[in-house]
Each structure stands twice: as C-alpha cells, then as structure tokens.
Amino acid sequence: MEPSTNIALISSGEPEEPEENITYMDALLYKAAAEGIIEEFNNHPELQLESLKTPNHDNLLHVNLATQESAVDIVYSLFILFPEGYVLFHQYLSIFISMIKREKRSDFFEQILSKCPSLLLQTNAKGQTPLHVAARFGHSAIVKLLIKSCAKARDGDLEKLGMDQVNAVREMLRITDQESNTALHEAAGCGNVEVVKALLEFEDPDFPYSANKKQETPLYIAARRRGSGRLLTLLLDKFKSTGHGGPHGRTALHAAAMAGDAEAIRVILKKKGNLTKERDEDGHTPLHYAAHFGRSRRISVVKELLKWDVSAAYIGDKKRAMTPLLMAARQGYLVTVSKILSLCRDCCEKVDNKGLSLLHYLAFRVSSSPIGRSLFKYGGSEIVNGSFRNLRKLEDAFGMTPQEVYNALRSEKHHHKQKQIKELLEEIENDQVAEEPVCSFPIRNVSAESLEKEREAHLIVAALIATVAFAAAITVPGGLQSEKGSEQGTPLLIHEAVFKAFVVTNALAFILSVSALTIHFGVLDNLLSQFKFFRRTVLYRTRSVSGILGYATLAMVTAFSTGSYVVLKPSHGLAFASYLICPAFLLCIWGIVNPSIHM
C-alpha cells in the first residue's frame, strides 16, 4: 500500500523552476479516514500518520470531519421495506443512527490522536486546524474531545486543569487561519450553541477576539444568523468587552436588523444599548436597515429598536439624508411606515436632501392603488396627523407637491413633470443599503399607441381561444352516437366524469374569450383612447381583459388536458402523462410570473 506520496515536478530541458510538491493520500486510507475505520490504520503500524495528507494538506482528522454525518442510505432502505411506518419513526431512527456515527467518530479520533498527537495542531493549506473544521460543521462532541486531548486531561476531567493545561487549550483556541478566523468565528457561523459553549469554557473573559479579514467579529457573525439569541447571550455574558464590529462600519445590531431577528435585537440591546445610533460607512443606523429590509416579518424588529431609542427615527443617512421612515416608504413597505408613524408621529416632517417627503415617496409607490386614491384623489380624508397633513403642500427640489406628483403619474397631460419624475426615480433605484438595491418603481407609460397595441394582441388571443373552444365543442372527444334512437348525436362519453370536466372548462374558455372580445368592441377603445380624459377608463378595461384572457387560457389548457385523458384512458401511462400537462403548465406560468423565484 502506498500511503502518501510527495511528487517533485521539475521541468526538463528548460531553465530550472522551483519544485512543486504534490501530496496525496492512498484511496483505501482516504476511505478509512472518511468513514472512521480505525482497523485500517491498526493493521499498518508502519504508517507515519502525520505525513498522510491530501493535496490541500488535509490530514486524517480534517478528512473525517469534512465527511457528512448522514443516515440517508439506511433510512431510504428502510423506507423501501416499510413505507407505511416510515413517517412514524424515521425521525427517531435518524437521531439514533447519528448518535451511533458520532460515537464511532469520537472513538476514531481518540485512537488516532493516541497514535499521533501532533495531528491535533496540524493545519491544512488554508491554515485550519481540526478544531476549525469541527467548529464549522458543528461537531460538539469532537470539539470537546479535541480540547480534552490538548489539555491531556485524564478520564475527561476538565474541571481540575492546571494553568499550563488551560494556557495550552487557549493557544489552540486562538489559532487563526489564513482568513484570520479562529474556531470561535467558525462556530458562530455554524450557530451550534454546544460548540460555542465548549470553546468558551476555558477562554479568558478579558481576551479580545478581533475581526477576521472580512472585518467580522464572532458576535457580528452570530448576529447575521436568524434565531441566534442564545448564541449571542453566551458571547455577551462570557466576555467583559465583546467586539461587535462588522464590514463597512456595521455592528452586530446592523446584522441582527438585516436578519430580521427581534430576539437577537433584544439580547444585544440589553448589553450594548448605545448601538442604536451607530452608523455604518453610509450613515445607516440599524433602524435604517430594518426599514429598508422591512417586510412584514421585520415589523417586530422596527418595534424593538424604536422602543429602545425612538430618536433613531429622526437620523438621516449621508447620501440623501433619508430617515428610516422615508426608506420604508421608498421601498413601498406600508406596514412598516404605519408602525414607525404610530411610535413617532412627527418624524414625517423630515425630508431628504431633494426635498422629497413621506407623501412624495408614497405618491411614487401607490399612484395606482386604492391607498393612493384615499391619500390623494379624495383630498386625503384619512390624514388626521397634523404633521402629516402639512406635507401635502410641501414642494420638492423640482417644485412639485406630492399631489402634483400623484397627478403627473396618472395623467399624460403632465408630460414634462412625468419625465422629471422618471429621471429622479431611475437615480433613486440605483441606491443600495447593505448591497440590497431599492425595489423598482412600477411606473408604466400609458399612451394611445401602447393601448392600441395591447388591444390588438388581446383581440388575436381572444379570437384564437374562441375558435379552438368552439371547434372542440362541435367535435367532442370520443365521437357521437350514430345509432338511431333517443341518444343519437349525443357524445359517447357523456357519462364520464372527466368528460364532464372537459365540457365545463371548454365552455368556460369560450365564454371568457367572447367576453374579452365584447368588452373591446363594446367600448370602441381604438376611438376613445385618443381622448386623454377617457384613457384611464380604457386602461382599466384593458387590464380587466388581460385578467379575463388569463383565466380563459387556463380553462383552455384544462379542457385540453381532460379531453386528452378521456380518449386515452385505455392506455393508462399515456393518459396520465397527458393529464399532467395542465399542472405542469400552471407551474411553469407560476415560475415565470413569481418575482421571488428570479430573486
């Protein structure tokens, strides 16, 4: 057996180049290390274990730790044998198998380290010790075992260590890799509480864990993870002065706000309440982050931050002097806007450096929604806040009030203002907060030409669907009764449930497509759309027809699927494949129109 080989590559016939040492591990030994088979190494006492390395300089312990603990193969085999009972006990079975594997891994580590203790502090090409890898993958039992091995504690008694042993453990804990990560950095990223507990047990409370090369401290890394409250509590309780910094001037509170974790916010603020006004390089506070990322699930984060320090709502950023309220309105997060206003009602008086107020940003976002009509079209009857009401006549840098912005976005007669607004919104859309861009503004050009083109497309689609549906109704699947009698001329498959579904969906497709044709011809869109005062009504009808044709298309696809199934029923495989066309079509359409998939 060839355990491990170093190959020196020297170019021949050319000027000498530095030698390149390539290390690799024998396939059988690699497999034994990955699976924790100690017998393979016991059978070859002549092996120099410290020299067994992969090309990345991973030793036996690195290889074993990087191998996933998985019971998938065994569980899948049992599922094949006992499918009925699988759901009831598979979870317990997985836990049981994982416990066996962990015990086997611990035994493998103990025996390997007894043979070659130097593997404990051996680093790979990235400068990572086995402790780094164990912490990254959340192997708490192995982390404890490595600490015990480093301390050379007998019988696992870690409570009676001398200072020399404790110092040896601390030296191992503080080893950094090429990215300046310690094992604690890796454990914070993993989020395993037991691993962090084990790493902190012998650490000095006064030791300052510095940031890695990405400027991330362990506390910041932990705060990025949603559900890290217990982890943050451990770190904050252990150290007297915990580093909380992150990249670009962010703090752990910024990270928790980005993660949308209200519990983490509470934990951090109890120990570091002064972080609410800390700004990143762009002047953004944690409340800015919560507002920008502020979909409904982050409302609790906004509430926690304001409950601790309401003055953060009045702080503007460096680039645009945007307050958190303006950021939430810019994103269109109306629930977040409402929550901020409910806790500090006069913060809406703050405007950005272009004079844009809360109502300006709401006008950008809600110009075509019922909320927009309640705020602007009907005179803002729902506005009862005095500070809010005063914004209605506040002009921006272009001399436009929120009402004028709203009117310009809804009518083409304000062409010059529309152009100014669109240029402004294009500029705003280029902004980012923590690499997260501003949501695009759904502003649409409405002209007679665009309405006419859309109308023509609707007419073609509606005519095609109506033609296909009419033809399918006349030539029904399965044919008609030809024998003379009371049922002559009726469909042969009239009593089949799937055939009835075909008839209903086909009729629905025909009626919807004819309705679309009637709407367009009935209101003479091509004539009336030339008049600007009527264009908004035409636009509404055009959008209605778009929805009707969408339902007509779905009905047509369903009719095709059921019609194919009923005539192919004798061939079960072919019939079933045909029947799946409809749900497959629906899934494809959903995938195309759902924006979260593209994000």
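The condition of being under 30 Å from L580 (Cβ atoms), modelled with pLDDT of 80 or more and assigned by TED's automatic domain parsing to the domain that holds K569 holds for T505. The set of residues in segment 273-305 that are over 11 Å from A256 (Cβ atoms) and basic (K, R) comprises K277, R279, R295, R297, K303. Taking every residue in segment 43-56 that is hydroxyl-bearing (S, T, Y) and pairing it with any residue that is not in a loop (DSSP other than H, G, I, E, B), at least 6 positions away or on another chain, the pairs with Cβ-Cβ distances below 6 Å are S51/S4; T54/M25. Being out of contact with any Pro (no Cβ under 6 Å at 6 or more places or on another chain), at pLDDT below 95 and surrounded by 18 or more Cβ atoms within 10 Å (Cβ to Cβ) is true of S357. Considering each residue of segment 321-331 in turn, none proves to be outside any helix (DSSP H, G or I) and in contact (Cβ under 8 Å) with a residue 60 or more places away in the chain. For segment 287-299, indicate whether the set of residues that are among the aliphatic types (A, V, I, L, M), assigned to a helix (DSSP H, G or I), within 24 Å of L184 (Cα to Cα) and in contact with a helix residue (DSSP H, G or I) (Cβ under 9 Å, 6 or more places away or on another chain) is non-empty. No, segment 287-299 contains no residue that is among the aliphatic types (A, V, I, L, M), assigned to a helix (DSSP H, G or I), within 24 Å of L184 (Cα to Cα) and in contact with a helix residue (DSSP H, G or I) (Cβ under 9 Å, 6 or more places away or on another chain).
Exactly one residue out of Q178, Q165, Q215 is of a type in the set (S, T, N, Q) and assigned to a helix (DSSP H, G or I): that is Q165.
Let's see how each residue does on (1) at pLDDT 85 or above; (2) among the hydrophobic types (A, V, I, L, M, F, W, C):
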{"site": "Q418", "(1), (2)": "no, no"}
{"site": "E426", "(1), (2)": "yes, no"}
{"site": "V438", "(1), (2)": "yes, yes"}
{"site": "E456", "(1), (2)": "no, no"}
{"site": "T467", "(1), (2)": "yes, no"}
{"site": "T475", "(1), (2)": "no, no"}
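Of all residues in segment 208-229, none are farther than 23 Å from V433 by Cα and of a type in the set (D, E, K, R).
The values are calculated or read from the model by the stated rules, or taken from the named source; none is laboratory data. All figures in this text were calculated on a predicted structure; none of them were measured in a lab. Neighbour counts run over all protein chains shown; Cβ positions are idealised from the backbone, glycine included.
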